[in-house]
Amino acid sequence: MTIDDIIDYVTGLGGVLHLNPTSGGEWPEISWGDSFFYYAPDGVVPTTSQPFATVVTKDYPDDRSSRLDRPGTFRLNIAAGRETFIEWSGHAPGRGPDDVDASVTDTVIAHPVYGSAGWLAVVDPGERTDAVVRDLMRNAHARARARVERRHG
C-alpha cells in the first residue's frame, strides 16, 4: 500500500478534504509533505476538529519512535475510537504497555504519541494490513461524518 493508494481510498469515501501542506503555504514547515484527512464536505478545513486520519513521512521532534527517517518509510495514523482501539491493541487507550516497538512495519499498533486518545498506527502498511487498514479508515471516516452531522443537525 502506497501513500497514493491511501489518498485515493480515503478521498473516495466522500466528503473528505485532503490537506497536503507544501512549501510556501500557510502550514508549518514540519507538516510539509504529510497528509491530513478531514470529513469536510464543504471543502473548508475544520477549526473545531482534528483529522480522522493522517500520513506522516518523517519523524517529528516529539515522535521519533517509528523511525520514519528510513528511506521510503511513512506511517498511517487513524482515529480509531475507544472500542476499535481496544479490539486492535488489547487494552484501553492510555493503559497499554510502554515497550511496543513503534517502528515495526505492516502491523497495527497503538499510536506512539496519540494512543491515549484512541489512535492506531501502521508503519508502511502492506499486504498483511491492507484490508484491515481500509476497514479502519472507513470506520474513522464514518465516525467523523457522524460527528459533523450531529453538530449540523
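I'd like the full set of residues that are part of a loop (DSSP other than H, G, I, E, B) and under 25 Å from H152 (Cβ atoms), limited to the stretch 18-48. Outline the logic, then answer.
Quick first cut of the stretch 18-48, residues part of a loop (DSSP other than H, G, I, E, B) only: 20-28, 32-34, 40-48.
Of everything in the stretch 18-48, those that are part of a loop (DSSP other than H, G, I, E, B) and under 25 Å from H152 (Cβ atoms) turn out to be A40, P41, D42, G43, V44, V45, P46, T47, T48.
If I ask for residues that are of a type in the set (S, T, N, Q) and either in a loop (DSSP other than H, G, I, E, B) or touching a Leu at 6+ places or on another chain (Cβ under 7 Å) (or both), which ones from the stretch 1-17 would you list? Result: T2, single match.
Can you confirm whether V100 is at pLDDT below 95 and under 24 Å from L13 (Cβ atoms)? Reasoning before the result, please.
Numbers: at pLDDT below 95: yes; under 24 Å from L13 (Cβ atoms): no.
Spelling it out, it is not the case that V100 is at pLDDT below 95 and under 24 Å from L13 (Cβ atoms).
Checking R95, R128, R70 one by one, the residue that is part of a loop (DSSP other than H, G, I, E, B), over 24 Å from G12 (Cα atoms) and modelled with pLDDT of 95 or more is R70 and no other.
Being farther than 24 Å from D130 by Cβ and among the aromatic types (F, W, Y) narrows it down to one of W88, W27, so name that one.
Values: W88 fails: farther than 24 Å from D130 by Cβ.
Residue meeting the stated conditions: W27.
Count of the stretch 26-56 residues, restricted to those that are over 22 Å from A146 (Cβ atoms), out of contact with any Ser or Thr (no Cβ under 9 Å at 6 or more places or on another chain) and not aliphatic (A, V, I, L, M), is 4.
Tally time: how many residues in the stretch 110-125 are outside any loop (DSSP other than H, G, I, E, B) and either surrounded by fewer than 21 Cβ atoms within 10 Å (Cβ to Cβ) or hydroxyl-bearing (S, T, Y) (or both)?
Going through the stretch 110-125 one residue at a time, the tally reaches 2.
Only one of the numbered conditions (1) assigned to a loop (DSSP other than H, G, I, E, B); (2) crowded, with 16+ Cβ neighbours inside 10 Å; (3) free of Cβ contacts under 8 Å to residues at least 12 places away in the same chain is not met by I86, and that is (1).
The values are calculated or read from the model by the stated rules, or taken from the named source; none is laboratory data. Not measured: the values here are computed from a predicted model. Neighbour counts are summed over all protein chains in view; Cβ atoms, including those assigned to glycine, are modelled from backbone coordinates with ideal geometry.
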